[in-house]
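*Asks:* One structure, pasted below without further comment.
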Amino acid sequence: QNVSVEVLDHLEQLALVDFRDLEGVERLQKAIQFADQLHEVNTDGVEPMDSVLEDRSLYLREDDVTEGNCTKELLENAREKVEEYFVAPPGNIPLSKLEERETFLQGS
Amino acid sequence: AAARGGGAWRRAWHCGAGGAHGPFPHGQRAGTCNERGRAVPAGKSGLAPWVPVVGLEIHAQISSNSKLFSGSKVQFAAPPNSLVSFFDASLPGTLPVLNRRCVEAAVMTGLALNCSINKKSLFDRKHYFYADLPAGYQITQQRVPIAVNGSLSYSLCIDNKMSQMVTKTVRIKQIQLEQDSGKSLHDDTRSQTLVDLNRAGVGLMEVVMEPDMCCGEEAAAAVRELQLILQTLGSSQAVMAEGQLRVDANVSVHHPGEPYGVRTEVKNINSLRFLAKAVDYEIQRHIEELENGGTILNETRAFDSKLGCTVPMRDKEGKQDYRFMPEPNLPPLILYDAKSLPANMNHQQVINIDWINERLPDLPSVKREKLVEQYGILPEHSFTLLNEDGLAEFFENVVKQTQMKPKKVIGWILQDLLSYLKQHSLSVKESPVNSFLLADLLNLLEKKEVSSTAAKQVLAELWKGEGKTPLEIVKEQKLQLLQDQKELEQICQAVIDGQESEVIMMVLG
């Protein structure tokens, strides 16, 4: 079972990955096949584990102000800034539709 | 749109008991209500009536010194990006550390809303791209939130009459802890967005209300009561104007007996007035669209307060896929109660639900009941007292200092005092007349040293705030009631003597 072009396109939009070429897509398919082996294990009646930290206790911090006040340092990373604000484009620039993009998936 | 009053869509539905209303001008629709008190507006003649359905997601900023997962300060209005830690800016190598106070605030709120508190709750990542979300995801509680299955009771006036109040209940689906995002300032002239991360990472409680409401008025009343509860608990200051309480409304309409219609979401409403308007506008928009044969898109919209309408929101086209996953850096949050309290754990690391429950203050509904019971005032009076910050305290202070019965005092508080404050847009704290002065005046009235009319005159003078006492004003303006019988007879005789012709006319009949 292959992963459909629609799903691959959807993933490219959501995660901003670029499958680049056939090898990239095949690697994804192989990874899915590998993970599918998990289905061979019978997990009836077993509570799913969602964190290896499940037996750790969650540390609770006191409500004190201990950080912040490092505007200059933070803004050093900014390519553009305006009066201590970070500058971003006016809104999300959506990836253009599949037909218009230069992506390997176009040919599929 | 018919311009009237505020210039936006007028609420056309009357929730609660009521019969059919006559035809409205300007294309507004009449509403009739069924037994369950839901508005069932009549459509165009021949068409089936519509049932509007309204649910709410309310984000309340937690009142705490520092943020949910970092030690940066929480403060409104500070120099941009000055209250931001490396974690808040999502720099690599940083980790979230949960703030105890935020958990306590959520537990208090859950208990006040009759929720079950989950002794084990989990944190998740909700992914989406936006400039004010530096990590590319928000830490929230999607699978197992901290509190579930509660309820909130609120009251409405029927037909704008305070004397007829009806109590409604809305179910609380859940309360979850989550991070706030930073703030985007859109600079359209230079085609850029300026990002301030001071707000990024501030703790939020998201309160999800089930779609049990049917119009803007119900939505606003429910949120108002929630606001009062949060302020009483201190878990959030809930000042909407400062963005501490934001509401997203989910709206749909359907015909009775049919499945729910497609819903739209109106996001980031930041005033109770706009909430009522936005909800009613959206209901109206759905109905008109559907009656004209159109369909409703499942989309996210914003409320344009100047135009009084909702508009589609940019960057929200298409269904969002948030790719929820467990937050790998946080173990489950475990809460305890008296029974399950661990023996050997450090107190500071333990949150005891029962301990918090025992220390909850009186909620607004309880305060209102106590006022009615203690002072013999009407329920609707207690609502007004609690609705104005400081008014209940003012009332109680006056009652303590005067012999006048509370039932009489309340009239002076709600009519004379409150109407003046409203006229001059003053809060109770800013009142030029304090409780001592008013109590002094009411005592003069009780002892019959002045008439009721004279008392109102004195009050008018007191509003000037010139520092005079009621007694001084009475003496200045000679408003004392005369008690001496002889003096009164002399005055009457003088009047009669001065108006001979009128007296003769009267005697002749």
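*Asks:* Could you please find all residues in the stretch B:180-238 being part of a loop (DSSP other than H, G, I, E, B), away from chain A (no Cβ under 14 Å) and in contact with a Phe, Trp or Tyr (Cβ under 8 Å, 6 or more places away or on another chain)?
*Replies:* B:214, B:215
*Asks:* Considering the stretch A:83-99 alone, what residues qualify as being exposed (fewer than 15 other Cβ atoms within 10 Å of the Cβ) and under 22 Å from residue B:77 (Cβ atoms)?
*Replies:* A:83
*Asks:* Looking only at the stretch A:58-82, count how many residues are facing another protein chain (nearest Cβ under 7 Å) and open to solvent by 100 Å² or more (accessible area, probe 1.4 Å).
*Replies:* 3
*Asks:* Here's another thing I want to ask about it. Return yes when residue A:53 is closer than 19 Å to residue B:326 by Cα, open to solvent by less than 70 Å² (accessible area, probe 1.4 Å) and outside any loop (DSSP other than H, G, I, E, B) and no when it is not.
*Replies:* Answer is no for this residue.
*Asks:* Okay, next question. Criterion first (over 15 Å from residue B:216 (Cα atoms) and either open to solvent by less than 20 Å² (accessible area, probe 1.4 Å) or free of Cβ contacts under 8 Å to residues at least 12 places away in the same chain (or both)) does residue B:275 satisfy it?
*Replies:* no
*Asks:* Mind counting the residues in the stretch B:82-134 that are assigned to a loop (DSSP other than H, G, I, E, B), out of contact with any strand residue (DSSP E or B) (no Cβ under 7 Å at 6 or more places or on another chain) and open to solvent by 40 Å² or more (accessible area, probe 1.4 Å)?
*Replies:* Looking only at that region, the number is 11.
*Asks:* Answer yes if at least one residue in the stretch A:11-19 is at the interface with chain B (Cβ under 10 Å from one of its Cβ atoms) and either part of a loop (DSSP other than H, G, I, E, B) or in contact with an Asp or Glu (Cβ under 6 Å, 6 or more places away or on another chain) (or both), and no otherwise.
*Replies:* yes
*Asks:* Report, by residue number, each residue of the stretch B:176-193 that is open to solvent by 30 Å² or more (accessible area, probe 1.4 Å) and touching a helix residue (DSSP H, G or I) at 6+ places or on another chain (Cβ under 8 Å).
*Replies:* Passing the criteria: only B:183.
*Asks:* To continue, here is another question. Take the conditions part of a helix (DSSP H, G or I), within 22 Å of residue B:133 (Cβ to Cβ) and at pLDDT 85 or above and apply them to residue A:26. Does it pass?
*Replies:* Considered against the rule, which asks whether it is part of a helix (DSSP H, G or I), within 22 Å of residue B:133 (Cβ to Cβ) and at pLDDT 85 or above, residue A:26 comes out as no.
*Asks:* Ok, one more. Please find, among B:192, B:142, the residue that is polar (S, T, N, Q) and within 18 Å of residue B:330 (Cβ to Cβ).
*Replies:* Within the list B:192, B:142, the selection yields B:142.
*Asks:* Next up: Looking at the stretch B:141-172 only, could you name the residues that are under 30 Å from residue B:324 (Cα atoms), under 19 Å from the mean Cα position of the chain (by Cα) and surrounded by 18 or more Cβ atoms within 10 Å (Cβ to Cβ)?
*Replies:* B:150, B:152, B:170, B:172, listed by residue number.
*Asks:* Here's something else I'd like to know. Across the stretch B:143-168, what is the number of residues that are within 14 Å of chain A (Cβ to nearest Cβ) and modelled with pLDDT under 95?
*Replies:* The qualifying residues number 1.
*Asks:* So which residues in the stretch B:366-395 are open to solvent by 60 Å² or more (accessible area, probe 1.4 Å) and under 20 Å from the mean Cα position of the chain (by Cα), if there are any at all?
*Replies:* B:367, B:369, B:379, B:387, B:389, B:393, listed by residue number.
*Asks:* Show the residue pairs meeting these rules: Cβ distance below 7 Å; 6+ apart or different chains; first residue within the stretch B:63-84 and more than 7 Å from chain A (Cβ to nearest Cβ); second residue among the basic types (Lys, Arg).
*Replies:* Correct list of pairs: B:74/B:67.
*Asks:* Of the residues A:51, A:4, A:108, only one is among the small types (Gly, Ala, Ser), over 28 Å from residue B:120 (Cα atoms) and at pLDDT below 85; which?
*Replies:* Answer to the selection: A:108.
*Asks:* Could I ask something else about it? Please go through the stretch B:472-486 and pick out each residue that is in a helix (DSSP H, G or I) and open to solvent by 80 Å² or more (accessible area, probe 1.4 Å).
*Replies:* B:472, B:475, B:476, B:485, B:486
*Asks:* Tell me, yes or no, whether the stretch B:247-270 has at least one residue that is in contact with a Leu (Cβ under 6 Å, 6 or more places away or on another chain) and modelled with pLDDT of 95 or more.
*Replies:* Within the stretch B:247-270, one or more residues are in contact with a Leu (Cβ under 6 Å, 6 or more places away or on another chain) and modelled with pLDDT of 95 or more.
*Asks:* Give me the residue from the stretch B:419-433 that is assigned to a loop (DSSP other than H, G, I, E, B) and touching a residue at least 12 places away in the same chain (Cβ under 8 Å) and, out of that set, nearest to the chain's Cα centre (by Cα).
*Replies:* Out of the qualifying residues, it is B:427.
*Asks:* I'd like the residue in the stretch B:397-410 that is out of contact with any Phe, Trp or Tyr (no Cβ under 7 Å at 6 or more places or on another chain) and surrounded by fewer than 18 Cβ atoms within 10 Å (Cβ to Cβ) and, out of all such residues, is farthest from residue B:366 (Cα to Cα).
*Replies:* Top of the filtered list is B:403.
*Asks:* Something else: Filtering the stretch B:295-314 down to residues that are within 14 Å of another protein chain (Cβ to nearest Cβ) and surrounded by 14 or more Cβ atoms within 10 Å (Cβ to Cβ), which residue is nearest to residue B:280 (Cα to Cα)?
*Replies:* Looking at the filtered set, the residue picked out is B:302.
*Asks:* Going through the stretch B:44-81 one residue at a time, which ones are more than 25 Å from residue B:194 (Cα to Cα), part of a strand (DSSP E or B) and open to solvent by 10 Å² or more (accessible area, probe 1.4 Å)?
*Replies:* Within the stretch B:44-81, B:51, B:57 qualify.
The values are calculated or read from the model by the stated rules, or taken from the named source; none is laboratory data. Remember, predicted model here, so these are calculated numbers, not experimental data. All Cβ positions, even for glycine, are placed from backbone atoms using ideal geometry, and neighbour counts span all protein chains on display. For the accessible areas, the whole protein counts, side chains as well, though only heavy atoms, and no ligand, DNA or RNA atoms are used. Shrake-Rupley method; radii C 1.70, N 1.55, O 1.52, S 1.80 Å.
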